[in-house]
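Report on one structure; see the data block that follows.
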Amino acid sequence: VQGKYEDIFKSKDFNNYEVFEDDPWWCSDFYKHLFFKFPDSQFVLVERDSNKWFNSMLSRGKGKTLGNTYIHSKLYDREKEYLELNIKPDLSSYDKLLTLDERHREKYTKLYETRNLKVKEFFNLNDKSRLINVKLEDSGKWEKIANHFKIKNYPKEVWENKSKIN
């Protein structure tokens, strides 16, 4: 979020692994930076029904935003609310200072859907062979991902979140 990408690329963790997920990889337009910096890189976009995605956020956050509030406010266009708190941003804290409830559903689901469309548009315009796009609800998603990466021996039973959030 802060553009200190080179710090990430110099880190021990980054240099010891080949596959990454979650923060900070999904933040903003970071995938575009990765796309051009690492021309042999491949990307996986796992989409989920936007209402189920939001339900999961509600359940996990228990009425508050997930993760770091400062970063969350930037990603979900809630910076004004955050700045009105008049506190110094702390990137290391999972402070949960903003609420998250049904009032936010329409805004969040639209942002989620738009972001997924933007990611697909970017790869369609640049190199669609570098993106595999699967649906979370698709029972064949692991096989599709394995085929994309030409992985022949992959675990047929992969751990998945089995919570009953709709």
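Only residues in segment 112-133 that are under 18 Å from residue 52 (Cβ atoms) count as the first member; pair them with residues that are aromatic (Phe, Trp, Tyr), Cβ under 7 angstrom, at least 6 apart or cross-chain, and list the lot.
112/53
Filter segment 122-139 down to the residues that are part of a loop (DSSP other than H, G, I, E, B) and out of contact with any strand residue (DSSP E or B) (no Cβ under 8 Å at 6 or more places or on another chain), then identify the one that is nearest to residue 36 (Cα to Cα).
127
Quick one: how many residues across segment 82-97 are of a type outside the set (Phe, Trp, Tyr), closer than 18 Å to residue 28 by Cβ and either open to solvent by less than 70 Å² (accessible area, probe 1.4 Å) or touching an Asp or Glu at 6+ places or on another chain (Cβ under 8 Å) (or both)?
Of the residues in segment 82-97, 1 are of a type outside the set (Phe, Trp, Tyr), closer than 18 Å to residue 28 by Cβ and either open to solvent by less than 70 Å² (accessible area, probe 1.4 Å) or touching an Asp or Glu at 6+ places or on another chain (Cβ under 8 Å) (or both).
Checking the conditions here, which among 9, 35 is closer than 29 Å to residue 133 by Cβ, at pLDDT below 90, in contact with a Lys or Arg (Cβ under 8 Å, 6 or more places away or on another chain) and not in a loop (DSSP other than H, G, I, E, B)?
The unique qualifying residue is 9.
Before we move on, is residue 94 within 24 Å of residue 62 (Cβ to Cβ) and hydroxyl-bearing (Ser, Thr, Tyr)?
yes
Please name all residue pairs, on different chains or six or more residues apart, with Cβ atoms under 8 Å, provided the first residue is in segment 47-71 and is open to solvent by 40 Å² or more (accessible area, probe 1.4 Å) and the second residue is in a strand (DSSP E or B) and of a type outside the set (S, T, N, Q).
Between residues of segment 47-71 that are open to solvent by 40 Å² or more (accessible area, probe 1.4 Å) and residues that are in a strand (DSSP E or B) and of a type outside the set (S, T, N, Q), the close pairs are 48/135.
The values are calculated or read from the model by the stated rules, or taken from the named source; none is laboratory data. Quick caveat: nothing in here was measured; it's all calculated off a predicted structure. FYI the Cβ positions are ideal-geometry reconstructions off the backbone, even for glycines, and counts take in every protein chain you see. Calculation scope for accessible area: heavy atoms of the full protein, side chains included, ligands and nucleic acids excluded. Shrake-Rupley method; radii C 1.70, N 1.55, O 1.52, S 1.80 Å.
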